[in-house]
Every structure is written in C-alpha cells, then in structure tokens.
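Please read the structure below before turning to the comments.
The values are calculated or read from the model by the stated rules, or taken from the named source; none is laboratory data. In this text the structure is predicted, and so the values were computed from the model without any measurement. Positions of Cβ are generated from backbone atoms using ideal geometry, with glycine treated the same way; all protein chains shown enter the neighbour counts. These accessible areas exclude ligands, DNA and RNA; they are computed on the full protein's heavy atoms, side chains included. Shrake-Rupley method; radii C 1.70, N 1.55, O 1.52, S 1.80 Å.
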Amino acid sequence: MTESLNKSIADYFTVEEIKRLTLPSNFRYGSNIYTCGAVEYISNEPVRVEAWVGGLDGTVAEGGGSRRRVEFVSSPKGLIWNCTGNPKNHQIFCKHCVALALDIINKKTV
Ligand SMILES: [Zn+2]
C-alpha cells in the first residue's frame, strides 16, 4: 500500500490521543487555554502548524501563564512537537501543545 509521504497534522490528533501523550494536569490546563481562545496561529499548513499559545491572566489551573510559541511538524517518522517553554531535549507534550492540538481537532470537525 502506498501512503502519502506525511500525514496531515490534524490526522494525528483525537482527544484520546492527546490524553495519551500528556499528563492529566497538563490536559486540564491546556483545555482551559483552548476554551479561553488563547491560540493564535502564525502558520497553519497541513503538515506544519505554528502558533502562539497562552498568555492568559489567572492561575495556572485556570490556564494562566506565559505565552509560548508551539510548533507541530508532520515528519516521515511521525509527529514532532516543539514548545519554546520546554527545556531543550525534554520535549514533553505540555499544556500549550494540548491547547493547540484541541484547537486543531475543533477546526477539523467544524
Ligand atoms: Zn509549553
């Protein structure tokens, strides 16, 4: 079977998949960031998405915190994510990644 080279970013994400990638607390925080609409796209292509995420007032639990730049890239080896808030070589799927992924899912179903 031949597959196209790279899956589109949206094809990687379901709510279940995001929950598998991240921690329950980050899923909660990221959901709040997404619900508050704190996702601003820099570029939005099928295989590469970049956005500013966060920057809300309030507590961390409410989705508050610094604004970070998040990038998702669909590579031949799979999904690569990058958040400027994460230390180098320690790329957890953080709350900013969760917020952007939820936004992408929402756009897909609309
Ligand atoms: Zn982050």
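Restricting the calculation to Cα atoms, segment 33-87 yields a radius of gyration followed by a Dmax of 12.3, 39 Å.
Compared with the dominant principal axis of the Cα atoms in the chain, helix 95-109 is inclined by about 60°.
Using alpha carbon coordinates only, what is the Rg to Rh ratio of the chain, with Rh defined as the Kirkwood radius?
Numbers: Rg = 13.4 Å, Rh = 13.9 Å.
Answer for the chain: 0.96.
Dividing the mean sequence gap of close Cα pairs (under 8 Å, 6+ apart) by how many residues segment 1-76 holds gives a relative contact order of 30 percent.
Can you check what the net charge comes to around I18, using other residues whose Cβ is under 14 Å from the Cβ of I18 (Lys, Arg +1; Asp, Glu -1)? Write down the numbers at each step before the final one.
Details: positive: K19, R20, R28, K95, K108; negative: D11, E16, E17, D103.
Charge balance near I18 sits at +1.
Among the listed pairs K19/K108; K77/K107; K19/K95, a Cα-Cα separation exceeding 22 Å is found for K77/K107.
Leaving out ligands and nucleic acids, note down the accessible area per residue over the chain with a 1.4 angstrom probe, in whole Å². Could you put the intermediate results ahead of the total?
Details: 6570 Å² over 110 residues.
Ligands and nucleic acids excluded, the result is 60 Å² per residue.
Per atom type, the chain shows carbon and sulfur on 53% of its accessible surface, probed at 1.4 Å.
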